[in-house]
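The values are calculated or read from the model by the stated rules, or taken from the named source; none is laboratory data. Quick caveat, the model's predicted, so the values are computed rather than measured. Cβ: placed from backbone, ideal geometry, glycine included. Neighbour counts: every protein chain shown.
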């Protein structure tokens, strides 16, 4: 199958929380803030489900460097516009202490419908994620790669974990965001499909019955995008640091290239039952990079840093071609030293008693600005 210009392109979508610079608590975005952002960024920025959230999306990028430049521009613009209202954006999947019940919803039909359909399950969605699109021209290829790429979803989650706190306490999880998000229907690991037609028939059943209007209401960790010719990974916690976000997107890009390269040689990554992948997903959600993941080939639990070093070797041909060896090496370092969840807990523990949660928010504000 010929490779098109679309294959291997990437796009990044991020959701941010807005916090008051005096209290560190969540605050709704004034209309003037959103208007100012949209004046500069156009349709690359939009409101989200809650008024304290804002979403951005990069352009279609051929390289990680292009994604970095566009993401830097987007983050810097949101930061500057927010500062005029005594607000700051933080790129974190759960706010350390604010209460979901106190948040206001965005006045948009899609979000009103979601709240009506899902009730408190939707109202509790005070979470932010990062979605990475990989351009794949062939519909057949998108479906074919889903079960193979699913093997790596726990690895991606483990490296991205940024949500250990919820409503002022340490949940004990590295990614509490998934505990909240998984209460929605049509979430979690994707099913396997034998063909694009099978995927369309299965999802089309719910559309024909009026249960959902389109496949944007299917929120699997990995899905064919409804709007773009891409395979969209939704497993990631959003990243406080820009460079970490770019590195994770580069990992997704390299994995897609590796799997397509293997397919061209009549090879494929071994697929495992969703039950087994789900166990690794839970380990990543609970521990991040600290306790290891199951290597099903070797039938043992291995440290995440070992697995990442091995994966970096497997991807060497692809990262060389894509120019992303440095990004993958950065992820290997994260596997050794810890993720945002690790850093947030260290800040919390070092703060004076009663000030830990606010200290974490101040730390997240600094991390958002670090690479800009």
(request) Would you mention how many residues in the stretch 355-366 are within 14 Å of residue 242 (Cβ to Cβ) and either touching a strand residue (DSSP E or B) at 6+ places or on another chain (Cβ under 8 Å) or modelled with pLDDT under 95 (or both)? (result) 2
(message) Return the residues of the stretch 188-224 that are surrounded by fewer than 15 Cβ atoms within 10 Å (Cβ to Cβ), part of a helix (DSSP H, G or I) and in contact (Cβ under 8 Å) with a residue 12 or more places away in the chain; say none if nothing qualifies.
(response) 198
(request) Six or more apart or on different chains, Cβ under 6 Å: which pairs go from a residue in the stretch 291-308 that's on the phi > 0 side of the Ramachandran plot to one that's part of a strand (DSSP E or B) and modelled with pLDDT of 95 or more? Could you list them? (result) 292/301; 292/302
(message) Any residue that is surrounded by fewer than 19 Cβ atoms within 10 Å (Cβ to Cβ), in contact with a helix residue (DSSP H, G or I) (Cβ under 7 Å, 6 or more places away or on another chain) and at pLDDT 95 or above - is there at least one of those in the stretch 4-25?
(response) no
(request) Output the number of residues of the stretch 310-360 satisfying the condition of being over 21 Å from the mean Cα position of the chain (by Cα) and more than 24 Å from residue 63 (Cβ to Cβ). (result) 15
(message) in a helix (DSSP H, G or I), closer than 20 Å to residue 161 by Cβ and in contact (Cβ under 8 Å) with a residue 60 or more places away in the chain: which single residue out of 329, 367, 279 fits that description?
(response) 367
(message) Suppose the filter is more than 21 Å from residue 144 (Cβ to Cβ), at pLDDT 95 or above and within 18 Å of the chain's Cα centre (by Cα); does residue 174 pass it?
(response) yes
(message) For the stretch 89-100, check the following and say yes or no: at least one residue is farther than 17 Å from residue 362 by Cα and at pLDDT below 95.
(response) yes
(message) Go through the stretch 327-372 and report how many residues are on the phi > 0 side of the Ramachandran plot and surrounded by 13 or more Cβ atoms within 10 Å (Cβ to Cβ).
(response) 1
(request) Pick out, from the stretch 72-151, the helices (runs of 4 or more DSSP H) lying fully within it that include 3 or more residues that are buried (at least 18 other Cβ atoms within 10 Å of the Cβ), touching a residue at least 40 places away in the same chain (Cβ under 8 Å) and at negative phi. (result) 139-150
(message) Quick check on the stretch 42-54. Is at least one of its residues within 18 Å of residue 252 (Cα to Cα), in contact with a helix residue (DSSP H, G or I) (Cβ under 9 Å, 6 or more places away or on another chain) and at pLDDT 95 or above?
(response) no
(request) Taking residue 262 as meeting all but one of (1) more than 13 Å from the chain's Cα centre (by Cα); (2) touching a residue at least 24 places away in the same chain (Cβ under 8 Å); (3) assigned to a helix (DSSP H, G or I), write down the number of the exception. (result) (2)
(request) Scan the stretch 53-71 residue by residue and report those that are assigned to a loop (DSSP other than H, G, I, E, B) and surrounded by 22 or more Cβ atoms within 10 Å (Cβ to Cβ). (result) 58
